[in-house]
Amino acid sequence: MNETERKQGEWEPKIIAFLCNWCSYAGADLAGVSRYQYPPSLRIVRVPCSGRVSANMILDALRSGADGVLVSGCHPGDCHYISGNYYARRRFAILKRFLEFVGIESDRVNFSWISASEGEQFAQVATEVTERVKRLGPARHLVKEF
Amino acid sequence: MSTMNEKITEELRQKARQLLESGRVAAFLGYASGSVPMVMRPFVARTPEDADRLEWNSFCVLNLANYLPALLKSFEPPRRPNEPPPQGPLPKVGVVATGCWSRNMVVQIQENQVERERLVIIGISSRGMVDRKKVQALIAHRDVTAVKEGDNTLVVAGPGFEEEINRWDVVRDNCKSCVHPDPVIFDDMIGELKGERDLPDRFSQVEEIEALSAQERWKWFTSEIQSCIRCYACRNACPLCYCPTCFVDDSRPQWVGKSIDSVDTAIFHILRAYHCAGRCTDCGSCESACPMGIRMRILTKKLQKDVLQLYGIEAGMSVQEPLPLTTYKKDDPQDFILTESLKGEKK
Amino acid sequence: MLPRAGFQQWLQELSGQFEIFGPKKNEKAIVSWQRLEGGELPDMAPGVPKGSIKTFFFPQPETLFEFTARPKQDDSFRLREPEKRQKPRLVVGVRPCDARSVLLNSMPYKEDPYFQQNRQNVILVGLACRNGCSTCFCTWTGGSPVGTEGLDILVFELEDGFVLEPVTERGESLLQKASSARDATEAERQAVQEIRDNAPTSLPEAMEPASQLVQKDLMALYNAPFWQQLSDSCINCGTCTFLCPTCYCFDIQDETLRGKGRRIRYWDSCMFPLFTLHASGHNPRGEKVKRVRNRFMHKLKYFPERFGPLSCVGCGRCVRDCPVNIDIRQVMKELLAV
């Protein structure tokens, strides 16, 4: 447990955000450049496409101690690779329901569409996800310990 | 009078023998009876004489499609990884298939693991296979030395006891909730096609779990897999699992730890099941193979339910129809996407 | 001789000194090794528990050492011994085949400090078999349903109590703590003798001189034609090896997580694709048939050539739980016929 986690109430969740290179990552960039405020809880992993993100990666983030995960890609129809996010959408829809089925809280794993021009929306999503994960408290279920 | 299974066995042997004798197939994949009751041995008949060892009964639980990719490959001349496949027709393999197994073959064809032209499928409409764990539970886990099967009964015997059991009582959960007992692809049939079964409550096992709270579901899931020894029988009994390197064996990055750890075991089961999403036919091979009695089939059944509900597709029903997760529609449901649901809230 | 209550009392008394384990049924009616508390008796139904006793000596996993994996800390990458168990363990209800497996595994692990330390700190209280199960064949492999090899105490279950026989000195000293023990009567001695005489004959099939395999030509066995057919059925899962008491292959790996690390030794299986995989990518046992052959040749030929006895105790777990009915008894017969 690090310094921030130790004091109750000040706990800031760790959220791993997989952002696609072409839209959401640029959206995050714009949010920064435009000075939109959002919580410092996100750790961004840049991926070529939301279609690149597999269930393995999402679970690996949780296993390694992430309190939440956000995967964000281009809006449907805007994919740089034409259809990557369409395939991803099917996979994520199934995965999200499945993780809920085995008892993972619904708000731990989140998905969004953010375009390169949506800096404000990125800040909103980051805030929303952080709040949701904060309400759940630190992740316990799939965090490996020894 | 001979029982249904005896008749099927007789016909199966005859057909397999003909195929082998005529040279139409290089091998025929079926079952032979095993050395212990209630476990059948998947068996590759390579000569017409071998065909007489084939057997059919209610304990044929391991999905034969599982063996097909490797068995077909074994009849191909050896070649280097980048060499093109040899020209001309390759030897064929005969195989017996019920509804779910044939659907797995369809999936394998769609995923380029087997070629339809190289299979000679003898179809049998399934009456449901028996769960030996259910039988053992009914007879208080006594040592069973012999099981005799009638059309609707099983006579189970061991030292100092003999009991008659109603067959349907011990049929596997997946078979009880199966709506597609008929093979979807076949070259020859034994017996008649039975048609689809009408079962409005076929997902009841899943719905029971869905009705629980998140905390209760987690408790159910962890207690279900708690006894897992990570022998991977579920994975290896599965006809969908043919990756040259399984994610459990990846080392960079390593997705799951190698020993028994509750989190690693949970992630193994989540990912194993998830990899079957949109492909699983609920054949129950995983559950039947598990030595620890883990009901991991409920996981894949949940995936099956969601895929059907969201995309209206069931795996392996037709070679022409793409697998649900290898295709998409522009208007696929996306209310789970945060930015979409936030939009909805604003309105 | 201890009456039932006396036996329970004895276990209760020992629970101060030991952590007590024994076979116990779970809610799915699977019998496994679990903690027994408050003088609880082990499950004594005929047959062996699902998992083997090797878990006490060759745990899955064994932590070899721990370390801190954060650079620039005082104790960075310095090795620490893992925390030791507080109490030694005592296992009751151990079938003679399982006990014998400990001796067999101890041969290759002769100089292994972890295995040997576990041996020192685990007491085995055996339970003689009255009857063999349909999958039992301990007599084929050099064991006996009433054997004492590897045990500290052997227990015979009678109608109204237990006759306990010390096997080792430490077993003897534990028996002295059984306050309600009395000498067995003549009738009880006779009952024990009857079990001794009858148990071996209750095994379902006649004995095979499997030990003769060691004299057979290795290459003839290796090249025997039946391996192909045998491996046709195999799905290369690890059920047989993980349930087997005498499968002792392992692999080692460092696990690091959020600045902590540990080196673990965990069960490997000759059925798995990573087994004997070389760094070059080559695997001398790359195909299914070679893996299957290795499992049996190791148990029935390589091990006896090196250490003497077969590396199989005839518990029948692999026969009972193999999903495709690969039966080591048939393999033995096939090999003997080569």
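At a probe radius of 1.4 Å, figure out the B/C buried accessible area, summed over both chains, and give it in Å² to the nearest 100.
Numbers: alone 18560 and 16720 Å², together 32110 Å².
Result for this pair: about 3200 Å² buried.
When chain C is modelled as a GNM with alpha-carbon springs shorter than 10 Å, which of C:25, C:110, C:72 fluctuates the most?
Its mean-square fluctuation being the largest, the pick is C:72.
Could you pull out every residue, at least 5 positions away or on a different chain, whose amide H is within less than 5 Å of the one on residue C:51? Hs are placed 1.01 Å off N in the peptide plane, and Pro or chain starts have none.
C:33
Per residue of segment C:322-330, what does 6.51 cos²θ - 1.76 cosθ + 1.60 with θ = phi - 60° give for ³J(HN,Hα)? Whole Hz please, x for Gly and Pro, Karplus curve as stated.
Working through the residues one at a time gives 4, x, 10, 6, 8, 10, 4, 5, 5 Hz.
Loop-only check: which GluC sites (Glu not before Pro) in segment B:183-220 are DSSP coil with at most 13 other Cβ within 10 angstrom? Before the final figure, lay out the partial values.
Working: sites: B:192, B:196, B:207, B:208, B:210, B:216; in loops: B:192, B:196.
Hits after loop and neighbour filter: B:192, B:196.
Cross-link candidates for residue B:305: which lysines have Cα within less than 22 Å, leaving aside residues fewer than 8 places away along the same chain?
Here the lysines satisfying the reach criterion relative to residue B:305 are A:96, B:176, B:219, B:329, B:330.
Spin-label point model (7 Å from Cα, Cβ direction): what's the residue B:14 to residue C:216 distance in nm?
With each label point 7 Å from Cα toward Cβ, the separation is 3.9 nm.
Can you work out the accessible area per residue across the protein assembly as shown, with the rest of the protein chains kept in place, probe 1.4 Å, in square angstrom? Before the final figure, lay out each step's value.
Working: 35820 Å² over 831 residues.
Value returned for the protein assembly as shown: 43 Å² of accessible area per residue.
Got a sec? What order do C:250, C:272 fall in by accessible area at 1.4 Å, biggest, i.e. largest, first?
C:250, C:272
In whole percent, and with a 1.4 Å probe on the protein chains, what portion of the accessible area of segment B:204-320 is carbon and sulfur? Present the calculation step by step, with values, prior to reporting the outcome.
On the way: 2040 of 3970 Å².
The value for segment B:204-320 is 51 percent carbon and sulfur by accessible area.
How much solvent-accessible surface does residue C:247 expose, in Å² to the nearest 10, with a 1.4 Å probe and all protein chains in place?
20
Excluding residues on the same chain fewer than 8 positions from residue C:24, give the aspartates and glutamates whose Cα lies under 13 Å from its Cα.
C:37, C:40, C:43
Sort B:164, B:314, B:83, A:100 by accessible area with a 1.4 Å probe, largest first. Show your work: numbers first, answer last.
On the way: B:164 135, B:314 25, B:83 85, A:100 55 Å².
So the residues, ranked largest to smallest area, are B:164, B:83, A:100, B:314.
Sequence neighbours fewer than 8 away in the same chain don't count; with that in mind, list the aspartates and glutamates whose C-alpha is under 13 Å from residue C:50.
Correct list for residue C:50: C:98, C:321.
Mind grabbing the interface size between B and A? I mean buried accessible area, both sides, 1.4 Å probe, in Å² to the nearest hundred. Let's see the in-between values first.
On the way: alone 18560 and 8560 Å², together 22850 Å².
Heavy-atom accessible area buried at this interface is about 4300 Å².
Taking amide H positions as placed 1.01 Å from N in the peptide plane, with prolines and chain starts having none, which residues 5 or more places from residue C:158, or on another chain, fall under 5 Å of its amide H?
Counting only residues 5 or more places away or on other chains, the set is C:163.
I'd like the Karplus ³J(HN,Hα) series for segment C:238-245: coefficients 6.51, -1.76, 1.60, θ = phi - 60°, whole numbers in Hz, and an x wherever there's a Gly or Pro.
Here the 3J(HN,Hα) series is x, 4, 4, 6, 6, 8, 5, x Hz.
Tell me, what is the percent relative contact order of chain A, built from C-alpha pairs under 8 Å that lie six or more residues apart?
Values: 249 pairs, mean separation 49.9, N = 146.
Value for chain A: 34 percent.
From the phi of every residue in segment C:109-119, what ³J(HN,Hα) in whole Hz does the Karplus formula 6.51 cos²θ - 1.76 cosθ + 1.60 yield, where θ is phi - 60° and glycine or proline is x?
8, 3, 9, 8, x, 5, 4, 5, 5, 4, 4
Can you list the residues, at least 5 places off or on another chain, whose amide H is less than 5 Å from the amide H of residue B:120, using H built in the peptide plane?
When sequence neighbours closer than 5 places are left aside, the close amide H contacts are B:93, B:94, B:95.
Just which residues of segment C:19-40 lose 50 Å² or more accessible area with every protein chain there, against their chain alone, with the probe set to 1.4 Å?
For segment C:19-40, once contacts with the other chains are taken into account, C:28 lose 50 Å² or more.
Taking only Cα atoms and a 10 Å spring cutoff, compute GNM fluctuations for chain A and point out the largest among A:32, A:77, A:51.
Highest fluctuation among the options: A:77.
Over chain C, what percent of the accessible surface lies on carbon and sulfur atoms, probe 1.4 Å? Write down the numbers at each step before the final one.
Numbers: 7310 of 14830 Å².
Carbon and sulfur atoms account for 49 percent of the accessible area of chain C.
Determine, from the Cβ-Cβ distance of residue B:335 and residue C:186 and an R0 of 56 Å, the FRET efficiency 1/(1 + (r/R0)^6), rounded to the nearest 0.05.
Working: r = 81 Å, r/R0 = 1.45.
Result of the calculation: an efficiency of 0.10.
Rounded to the nearest 0.05, what FRET efficiency do residue C:307 and residue C:287 give with R0 = 22 Å and r taken as the Cβ-Cβ distance? Could you check? List each step's numbers first, then the result.
On the way: r = 27 Å, r/R0 = 1.25.
Given R0 = 22 Å and the Cβ-Cβ separation, E is 0.20.
Taking every residue in B:129-142, how many Cβ atoms of other protein chains lie within 10 Å of its Cβ, on average? Each step should come with its number before you reach the end.
Details: counts 0, 0, 0, 0, 3, 0, 0, 1, 2, 0, 0, 2, 7, 4.
Other-chain Cβ atoms within 10 Å of each residue's Cβ, averaged: 1.
Could you pull the accessible area for residue B:153 with a 1.4 Å probe, rounded to 10 Å²?
The accessible area comes out at roughly 40 Å².
The values are calculated or read from the model by the stated rules, or taken from the named source; none is laboratory data. A quick note: this is a predicted structure, and the numbers were derived from the prediction, not measured. Don't worry about glycine lacking a Cβ; one is built from the backbone with ideal geometry, like all the others, and counts go over all protein chains shown. Just so you know, the surface numbers come from the protein's heavy atoms only, side chains and all, with ligands and any DNA or RNA stripped out. Shrake-Rupley method; radii C 1.70, N 1.55, O 1.52, S 1.80 Å.
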